[in-house]
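Step one of this worksheet: look at the structure below.
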Amino acid sequence: MSANVNSPVCESSLLNLSALGGVSYQWSGPNGFTSTIQNPSFAASLSSAGIYTVTSWDAEGCSGNSSVSVT
């Protein structure tokens, strides 16, 4: 299980989070950010900076976590 991000990005640029290794995903991050999309994207703002963590589950129900830092 791994997570990646295209950071650093400028404000209003597209921030792309991505996760590999799993069949379902749960992202969490600053300002109450959550997503169940494997590879969420959104416009970056100053408040987007921080740690984003994804939990993924495989077909057998086993889970793993990975985090990325956004600047």
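May I ask you to verify whether Glu11 is in a loop (DSSP other than H, G, I, E, B), loosely packed, with under 13 Cβ neighbours inside 10 Å and touching a Leu at 6+ places or on another chain (Cβ under 8 Å)? The answer is yes for Glu11.
State which residue is farthest from the chain's Cα centre (by Cα) when the search covers only region 14-25 and only residues that are open to solvent by 80 Å² or more (accessible area, probe 1.4 Å) and modelled with pLDDT of 95 or more. I'd like the intermediate steps shown before the answer.
Of all residues in region 14-25, those open to solvent by 80 Å² or more (accessible area, probe 1.4 Å) come to 14, 20, 23.
Keeping just the survivors that are modelled with pLDDT of 95 or more gives 14, 23.
Working: Leu14: 13, Val23: 15 Å.
Among them, the one singled out is Val23.
The values are calculated or read from the model by the stated rules, or taken from the named source; none is laboratory data. All values derive from a computational prediction rather than experimental measurement. Because the Cβ atoms are built from the backbone with ideal geometry, glycine has one as well, and the counts that use them run over all protein chains shown. Ligands, DNA and RNA are excluded from the accessible area calculation, which covers all protein heavy atoms including side chains. Shrake-Rupley method; radii C 1.70, N 1.55, O 1.52, S 1.80 Å.
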